[in-house]
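Student: Provided herewith is a single structure, encoded as structure tokens, for subsequent inquiry.
Laboratory data are not the source of any read-out in this text; all were calculated from the coordinates shown. Note that the structure is a prediction, hence the values are computed from the model and not measured. Glycine also receives a Cβ, built like all others from the backbone with ideal geometry; neighbour counts cover every protein chain displayed.
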């Protein structure tokens, strides 16, 4: 018997080995364009299962790659045991303390649904199906980041399993180095089984999408630039250039405002001076319905993405952005940052001074299209004023931790990795040592 064939005697959760029915489905990441080779898949029943697996892997000289569902997968999993933490789904809300304790498998949408009745919110991004823990480990850009900073800034504590297989409660006081590394440095240092997260007041929320034909893109972009130059931190606006298969090109502005509808409409008045939109979905909404704004797919699919941070969105950048159709891309999205992102942050990413993020996405329907998508993405990156730095959660499989972190932060992360996991028991989506 080998270390892999004895896994079923080590853990109580499901174990899937090569040759077992369902193995290919079990190892598959969210992004079906990423090939994810693994030696075995374990679906942990609880934190005790995780601890037992770590002890077993360490003694056998194996590595563990942890994913709730694989949204940030890069394919760097050769020879690893893929650990699924989706069953670690406990969720407790303390509305008086504005604090949530959630297992590693809890999705952003589930957290939002749980806190909405209390007039509270977490820091959700555009998709309700990603895990909160995965987002926090990567830093995390949220709809409400302009008001409250990185998702990682709001983490108060982690429950982890360390490289020895010990279960520990980690805070800034009990283990400053590990706490710092986990708040945005990725999953290379320990396996997070649960975390405690600050919640924020959200008694009122106004948001939605306004959509126009692409012929109005220059005017929409100009209005977007005027809005983002002056709005308060409670309002976030994203600009989307869209071209879905079988449809004509479109341009959209997506917004959220942590405040009254009347205030938001005043801030967004430049949009009302534009030609009549195809649709206007802005409304007062509960925080549990944020995913409806961009309506991103909630089922796995193949995609090619590239993210960048923009140092400016001046006249030259605006002209460059609209110079050619985005095809074969499906979307080119500009996210307004600033606000709380610019303030000091004791996380590996630190403060985020770039005022905008760019996210480019296309479908690799065939090899030729895949090449065309990456070529178009590269052309955008080479012609726009990008900083060369990008959030960890924006990295694609061809990029490394050096693309996300400043040299000093990366050096510190690598030192923590060497000291805390010298045997490489843990393999994150974006290893800091590569």
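Student: Any chance you could get the radius of gyration and Dmax over the Cα atoms of the stretch 206-394, in Å?
Tutor: My reading of the Cα-based Rg and Dmax gives 16.4, 49 Å.
Student: If you don't mind, there's one more thing I want to ask. Would you mind putting 277-283, 359-365, 101-107 in packing order, based on average other-beta-carbon counts within 10 Å, highest first?
Tutor: Ranked from most to least packed, the peptides come out as 101-107, 359-365, 277-283.
Student: Taking Cα atoms, how many degrees apart are the long axis of helix 217-230 and the longest axis of the chain, rounded to 10 and kept between 0 and 90?
Tutor: Helix 217-230 sits at roughly 70 degrees to that axis.
Student: Between residue 166 and residue 219, what is 0.36 nm times their sequence separation minus the Cα-Cα distance? Round to one decimal in nm.
Tutor: 13.3 nm
Student: Here is a follow-up. What FRET efficiency would be calculated for the residue pair residue 411, residue 248, taking the C-beta separation as r and a Förster radius of 51 Å, to the nearest 0.05?
Tutor: My answer for the efficiency is 0.55.
Student: Now a separate question. Where the centre of each part is set by its Cα atoms, how far does the stretch 168-232 sit from the stretch 260-300, in angstrom?
Tutor: 18
Student: Take every DSSP beta bridge with both residues inside the stretch 7-84 and express the antiparallel ones as a percent of the total, to the nearest 5.
Tutor: The antiparallel fraction comes to roughly 25 percent.
Student: What is the helix-to-structure angle for 47-60, meaning the angle in degrees between its Cα long axis and the longest Cα principal axis of the chain, kept from 0 to 90 and rounded to the nearest 10?
Tutor: Between helix and principal axis, roughly 60 degrees.
Student: Moving on to the next point. Efficiency by 1/(1 + (r/R0)^6): what FRET value for residue 60 and residue 279, r their Cβ-Cβ distance, R0 = 56 Å, to the nearest 0.05?
Tutor: After rounding to 0.05, the efficiency reads 0.50.
Student: Could I ask something else about it? Could you tell me how far the Cα centroid of the stretch 57-74 sits from the Cα centroid of the stretch 24-42, in Å?
Tutor: Here the answer is 11 Å between Cα centres.
Student: Using only DSSP helix segments of four residues or longer, with each worth -39500 (n - 2.57), what per-residue ellipticity at 222 nm results for the chain after dividing by its residue count and rounding to 500?
Tutor: So the calculated ellipticity at 222 nm is -7000 deg cm²/dmol.
Student: Based on a Kirkwood Rh over C-alpha pairs, give the Stokes-Einstein translational diffusion coefficient of the stretch 23-88 at 4 °C and viscosity 1.567 mPa s in µm²/s.
Tutor: Value of D from the Cα-based Kirkwood radius: 109 µm²/s.
Student: Which whole-number percentage describes the relative contact order of the stretch 7-84, with Cα contacts under 8 Å and a sequence gap of 6 or more?
Tutor: 37
Student: With labels modelled as points extended 7 Å from the Cα through the Cβ direction, what inter-label distance (nm, one decimal) is found for residue 375 paired with residue 173?
Tutor: Label at residue 375, label at residue 173, 5.9 nm between them.
Student: Normalised by the number of residues in the chain, what is the relative contact order in percent for Cα pairs under 8 Å and 6+ residues apart?
Tutor: It rounds to 18 percent for the chain.
Student: What nm distance separates the two modelled labels at residue 383 and residue 433, each placed 7 Å from Cα along Cα→Cβ?
Tutor: Simple spin-label model gives 4.2 nm for this pair.
Student: Can you work out the PRE-style zone for residue 365? Point 7 Å along Cα to Cβ, and I want the residues of the stretch 237-259 with backbone N under 18 Å.
Tutor: Hits in the stretch 237-259 for residue 365 at 18 Å: 242-250.
Student: Most mobile of 154, 383, 288 per a Gaussian network model of the chain (Cα springs, under 10 Å)?
Tutor: The residue that fluctuates most here is 383.
Student: On C-alpha positions alone, give me the angle between the axis of helix 367-383 and the longest principal axis of the chain, in degrees, nearest 10.
Tutor: In the chain, helix 367-383 runs at an angle near 60 degrees to the longest axis.
Student: Let me ask you something else. Per-residue counts of other Cβ atoms within 10 Å, averaged by peptide: what ranking do you get for 13-23, 303-313, highest first?
Tutor: 303-313, 13-23
Student: In addition: With a 10 Å radius around each residue's Cβ, average the other Cβ atoms per peptide and rank 348-355, 290-297, highest first.
Tutor: Highest-to-lowest ranking by the protection proxy: 348-355, 290-297.
Student: Looking only at the stretch 32-50, which residues have a backbone nitrogen under 14 Å from a spot 7 Å from the Cα of residue 3 in the C-beta direction?
Tutor: Counting backbone N atoms under 14 Å from the label point, the list is 39-40.
Student: Normalising by the residue count of the stretch 288-416, find the relative contact order in percent from Cα pairs under 8 Å and 6+ residues apart.
Tutor: Value for the stretch 288-416: 33 percent.
Student: Using a Gaussian network for the chain with springs between C-alpha atoms less than 10 Å apart, which of these wobbles most: 146, 168, 419?
Tutor: 419
Student: Taking every Cα atom in the stretch 205-289, find the radius of gyration and the maximum pairwise distance Dmax, and write them in Å.
Tutor: Radius of gyration, then largest Cα-Cα span, for the stretch 205-289: 12.6, 38 Å.
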